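**Student:** The structure that follows is given in the form of structure tokens.
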Amino acid sequence: MFKLNRYYSIASLIGIGIAVFILSLFFNQLALQTLMENQTRANTDLTHSFANSVWQQFDVFFTDASQLSANDIKSRSELKALQQIMRSRMKNTTIVKVKIYNLNGLTIFSTDPSQIGSDKSQNPGFLQAKSGTPASEITFRNEFYAFEKVIVDRNLISSYIPIHDSQQRIKAVFEVYSDVTPLVEHMDSTQQKIILGVLAALGVLYIFLYLIVRRADCIIRLQNLEREANEEKMRFQAYHDSLTELPNRHAFIERIDEAIKRAVRHSESGALLFLDLDRFKLVNDSLGHDAGDTLLKIVAQRIQSCLRETDLVFRLSGDEFVIILEDLKSPETASNVARRVLQEMAKPVMLNEYEVIINISIGITIFPKADNSADSLLNEADIAMYQAKKVNQNHFEFYVEEMNTRANERFQLETDLQHALQNNEFTLYYQTKVSADTLQTCSLEALIRWNHPTKGLITPDHFIPLLEDTGLIYEVGSWVIRTACQQAQHWLKQGIPALRLSVNVSAKQFRNPSLLSTVKSALSESGLKAEHLELELTETMFIDNTEHAIATMHLLKEIGVKLSIDDFGSGYSSLSYLKNFPVDFLKIDRSFIKDLDTNSKDTAITTAIIALAKSLNLRLIAEGVENNNQMTFLREQQCDELQGYLFSKPLPADQVVKQLTHQSTEDSQPV
Ligand code: C2E
Ligand code: MG
Ligand code: MG
């Protein structure tokens, strides 16, 4: 990972090194240049003063020396005097050696006598001085023969300086060695101090910037971590369901494709299990969405607890889950897993203090197949699941080809439904309800039928869910209300005694804001009085949005319509809603009536519901009354109205008229 402070440290330390190196080179060069210039100037001044003090006195010697050999020069008596003067002049100065050359480059004098007579005519310093410009160079000598002693480890500057006569002509060249060791040492120590100072300043700057960079590095790293965590979270969210944290449909599509490819490559088989909760909507509607969410989480955990680590489970949507099993030894393994899941689900769950039993339906399909697409497998498992749901709750089914035909039939039915209303294929049947006291018809319930062009009469259980799924229920529901009102008004006009007519309203229809206006216009168009119309609502539709439900019920009550709760006792609803809802009737669910004479629990529940209705001043209707025992029991319990095949099956309007007319004729006969 990129570490800003490490890069900063390396780069800035290299930078500091280079800066200090260049600085020291530059400083050294500058100091040396200054030293050389100063020393050349000093040597020039000194030389001129030497020359002035000795030239006149030794003019003859200097002139002669040009023609003499080295030995002859050395033997000249003036040399000694010159030597003495020079040495005395050099005392207490930095000059350690003086040499004088004539214009031919011959050494005519040197404070080191051994050098007298040597030739310097080719020396570049000499040649430059001879041309009129002093020349200096600095050298380090381990050993140097100065005029008094041998000096060691010295820095010397030797300057070639031209000496001019009165006409400004060069008459000789002096070479002067000055000992600049202390100056060089001073220069070195100054250089060291400056470099140390610069280093210290750069060091402080480095530390200061390092702290900033380290902080920045820290912030960048934290931001990177945060970004990575966010990316990870987004990746997770994209591939997982937020409620159960199980992989979602997106993840499923990828994994099933991989699983199919693996199965084909290794000649293995796998299974796809499609799981769907039975009556989940009921839990959601009755106990609320929080309870529904809790249930889904529990279901997800339970499914996982039945699987191996290598098996995969996904939540596709709502209450739909999918399991992928790979490397199956036989289809039996898939049914074992399905059985385990069903067993696990059979354990009750506590939701909002209610003990709820979850049932689940499972469809299984085996892969790979000729059509190896994820979609077709999912479709097969889905079809098998629907079949399982139909057969029994808490059941699993393997996909077989013929199921596809049935699924297509459902699809066909859905398509046919789209045109059923325009084609006048719907019709209403009417079932009577009798007064428990008199056993006379006191009310009618309108029940829809679909007159399918090829399949014949279809009962509502087969198409109401399809109408709800497709949204056609709004249009068809309005048609039912309008037709029932017109029929009731028509009967009144025919002289049939006024009867209450009830119409079933589905949950989706009840939640539709246009329900009130539909009812109002159906009443005004038909001329039926509102008190003759009763709407049957199922208890599951109240809990979802209780306040809206209460408001809608009050609005309906305001126009005079009667309300009843249908299939009472079949949902998970709280009984407390009964005191808040302005309903007139409770219709006790058929399932309690069915086994009244054989099941003591049903007897107890029915008795309790009747007592509850009485204490709340609600009229009670029992539906599904098929035999005399049931009728007798319900009459004893003072149930108000009875409905069931014992009295009449649902009948088309014209047959009901006959029945009603027949009854009213009987009534008018003297007993
Ligand atoms: P529901 O409102 O509870 O209607 C009673 C159902 O029980 C009717 O079935 C009726 O034929 C049946 N039934 C009546 N007496 C007996 C009996 O003694 N024994 C047995 N075994 N059954 C009896 P149907 O007509 O098939 O209607 C089924 C359900 O479809 C209705 O239940 C109602 O919830 C719904 N439904 C019917 N018509 C409409 C409608 O126009 N709109 C809406 N939204 N739902 C409707
Ligand atoms: Mg009903
Ligand atoms: Mg009912």
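The values are calculated or read from the model by the stated rules, or taken from the named source; none is laboratory data. Values in this document were obtained by computation on a predicted structure and should not be read as measured data. Please note: Cβ atoms are built from the backbone with ideal geometry, for glycine as well, and neighbour counts cover all protein chains shown. Each accessible area value is taken on the protein alone, full model and side chains, heavy atoms only, with ligands, DNA and RNA left out. Shrake-Rupley method; radii C 1.70, N 1.55, O 1.52, S 1.80 Å.
**Student:** Give me the 1.4 Å probe accessible area per residue for the stretch 301-355, excluding ligands and nucleic acids, in Å².
**Tutor:** On the way: 2880 Å² over 55 residues.
I get 52 Å² per residue for this part.
**Student:** While we're here: If one takes the longest principal axis of the Cα atoms in the chain, at what angle in degrees, from 0 to 90 and to the nearest 10, does the Cα axis of helix 546-558 lie?
**Tutor:** On a 0 to 90 degree scale, this one is about 40.
**Student:** Right, next: If exposed chymotrypsin sites (Phe, Trp or Tyr not before Pro) are those in a DSSP loop with at most 13 other Cβ within 10 Å, what is the longest stretch of the chain that has none? Please report the intermediate quantities before stating the final value.
**Tutor:** Working: sites that count: Phe2, Tyr645.
Longest run free of exposed loop sites: 3-644.
**Student:** In whole angstrom, how long is each semi-axis of the equivalent ellipsoid of the stretch 559-650, when you take the square root of 5 times every eigenvalue of its Cα gyration tensor and sort them from largest down? List each step's numbers first, then the result.
**Tutor:** Details: eigenvalues 91, 47, 27 Å².
Here the semi-axes work out to 21, 15, 12 Å.
**Student:** Also, I was wondering about something else. Taking the Cβ of Asp567 as the centre, find all other residues whose Cβ is under 11 Å away and add up their charges (Lys, Arg: +1; Asp, Glu: -1).
**Tutor:** Values: positive: Lys587, Arg590; negative: Glu536, Glu539, Asp566, Asp589, Glu623.
Here the charged neighbours net out to -3.
**Student:** Within the chain, what percent of beta bridges assigned by DSSP are antiparallel, to the nearest 5? Provide the component values of the computation, followed by the final result.
**Tutor:** Numbers: 71 of 98 bridges.
That works out to approximately 70 percent antiparallel.
**Student:** Cβ under 12 Å from Asp311's Cβ, Asp311 left aside: what net charge do those residues give with Lys, Arg +1 and Asp, Glu -1?
**Tutor:** Numbers: positive: Arg255, Arg308, Arg340; negative: Glu309, Glu326, Asp327.
Residues close to Asp311 contribute a combined charge of 0.
**Student:** While we're on this one: Once both axes come from the Cα atoms, what is the angle between helix 4-55 and the longest principal axis of the chain, in degrees from 0 to 90, rounded to 10?
**Tutor:** 10
**Student:** Helix-only estimate, please: 222 nm mean residue ellipticity of the chain, summing -39500 (n - 2.57) across DSSP H runs of length 4 or more and dividing by its residues, to the nearest 500. Each step should come with its number before you reach the end.
**Tutor:** Numbers: 23 runs with 355 residues, N = 671.
Computed ellipticity for the chain at 222 nm equals -17500 deg cm²/dmol.
**Student:** Between Phe26 and Glu626, what length comes free when the chain is fully extended (0.36 nm per residue of separation minus the Cα-Cα distance, one decimal in nm)? Walk me through the intermediate numbers first.
**Tutor:** Working: separation 600, 0.36 × 600 = 216.00 nm, distance 11.76 nm.
Extending this stretch completely gives an extra 204.2 nm.
**Student:** To the nearest whole percent, what portion of all C-alpha pairs in the stretch 249-399 is separated by more than 29 angstrom? Intermediate values should be presented prior to the final figure.
**Tutor:** Working: 1692 of 11325 pairs.
I get 15 percent for the Cα pairs in the stretch 249-399 exceeding 29 Å.
**Student:** Once the Cα gyration tensor of the stretch 454-520 is found, what semi-axes does its equivalent ellipsoid get, as square roots of 5 times the eigenvalues, in whole Å, sorted largest first? Provide the component values of the computation, followed by the final result.
**Tutor:** Working: eigenvalues 120, 59, 16 Å².
So the three semi-axes of the stretch 454-520 are 24, 17, 9 Å.
**Student:** Here's a follow-up. Please list the non-local residues whose amide H lies under 5 Å from the amide H of Ala436, H modeled 1.01 Å from N, same-chain partners needing a gap of 5 or more.
**Tutor:** The list, which skips near neighbours in sequence, is Glu641, Leu642.
**Student:** Hey, another quick one. Given a cut-off of 34 Å, what percent of all Cα-Cα pairs of the chain lie beyond it?
**Tutor:** Details: 152649 of 224785 pairs.
Looking at the chain, the distances longer than 34 Å represent 68 percent of pairs.
**Student:** Additional query: Keeping the other protein chains in place, figure out the carbon and sulfur percent of the accessible area of the chain, with a 1.4 Å probe.
**Tutor:** On the chain, the fraction of accessible area on carbon and sulfur atoms equals 53 percent.
**Student:** For each pair in Lys493/Lys658; Lys97/Lys120; Lys594/Lys658; Lys99/Lys120; Lys587/Lys614, compute the distance between the two Cα atoms and list the pairs where it is over 21 Å.
**Tutor:** Numbers: Lys493/Lys658 15 Å; Lys97/Lys120 16 Å; Lys594/Lys658 29 Å; Lys99/Lys120 11 Å; Lys587/Lys614 13 Å.
Listed pairs above 21 Å: Lys594/Lys658.
**Student:** How tilted is helix 249-265 with respect to the longest principal axis of the chain? Cα atoms for both, answer in degrees (0 to 90, nearest 10).
**Tutor:** Taking the Cα atoms of the chain, the angle to 249-265 is about 80 degrees.
**Student:** Note down the net charge around Pro124, summing +1 for each Lys or Arg and -1 for each Asp or Glu among other residues with Cβ under 11 Å from its Cβ.
**Tutor:** +1
**Student:** I'd like the FRET efficiency for Arg169 and Asn142, computed as 1/(1 + (r/R0)^6) with the beta carbon distance as r and R0 of 41 Å, rounded to 0.05.
**Tutor:** On the way: r = 39 Å, r/R0 = 0.96.
My answer for the efficiency is 0.55.
**Student:** Where does the Debye-calculated log10 I(q)/I(0) of the stretch 227-319 sit at q = 0.11, 0.23, 0.25, 0.26 Å⁻¹, using only Cα point scatterers of equal weight, no solvent?
**Tutor:** -0.41, -1.21, -1.29, -1.33
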